[in-house]
Amino acid sequence: MKGIFNLSIVLVILLFSSCATIYHSINPDKINYPAAVKTTEKLDLSYRYDVLRDAGGNKKYMNKEIKNDIRIVAVKLTNNSDSTIFIAKDVLFYCGDAKIRLMSPMEIKSKIQQTWPAYGLYLIGCISLAPLDILVFGGIGAGNMIVAGTSNKKLLTELTEFDITNNELKKGESIIGLIGFETLHSDPLTVRLTK
């Protein structure tokens with residue numbers, strides 16, 4: 001009985017030290033962007049790295065971003081040309097000198113999401129089948145699964161809402177959004193037009 005009690009204490013400590021976290025929105029439309037980098041005469045780019053950190057409370061997502069060599073960046077593009085620019089077709093993004101491939105919202109989410117099924121492992125605390133253990137561990141495990149699943153969905157919703165890749169920019173228009181790409185670096189971003 002004493003061994004089961006000690007196991008319960010250890011599991012409670014583990015539970016509270018590795019709980020799921022709530023996703024805090026980046027809100028790229030409310031970010032103060034630095035002065036635009038005039039990457040071409042036709043297109044201006046402003047951007048901000050570390051937006052997950054700046055949103056606050058996104059430590060689990062930030063850790064996965066770093067671990068998987070992904071950068072999520074808030075960007076603002078302004079069309080200074082006399083014609084419409086189709087981002088997916090006409091704009092190439094560069095990190096330093098390296099051309100980057102923009103990831104889809106689903107790709108980003110799958111790489112940095114909280115693994116909510118893992119929180120079901122906390123149900124091991126119910127092993128003693130004591131009513132209190134079932135209530136405590138079952139509740140905490142289920143609660144963590146719900147929080148992680150809801151937070152992952154909120155992340156995907158924001159990435160999808162602010163996905164700029166399939167948008168077009170008419171003359172004089174600006175667009176604000178989020179991009180994600182794989183790289184080890186946080187080098188300066190630039191864009192080039194293909195036309």
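Figures for the structure shown
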| read-out | value |
| --- | --- |
| FRET efficiency, residue 54 to residue 86 (Cβ-Cβ, R0 25 Å, nearest 0.05) | 0.25 |
| Cβ-based net charge around residue 73, under 13 Å, with every Lys or Arg adding one and every Asp or Glu removing one | -2 |
| Around residue 53: net Lys/Arg minus Asp/Glu count, Cβ-Cβ under 14 Å | +2 |
| Sum of side-chain charges, residue 170 neighbourhood, beta-carbon under 14 Å (Lys, Arg +1; Asp, Glu -1) | -2 |
| Distance-filtered residues of the range 143-168 - backbone nitrogen under 17 Å, label point 7 angstrom along residue 101 Cα→Cβ | 165-166 |
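Coordinate-derived values only; no laboratory data. Note that the coordinates shown come from a computational prediction; the quantities given were computed from them, not determined experimentally. Using ideal geometry, Cβ is built from the backbone for each residue, glycine included, and neighbour counts are taken over all protein chains shown.
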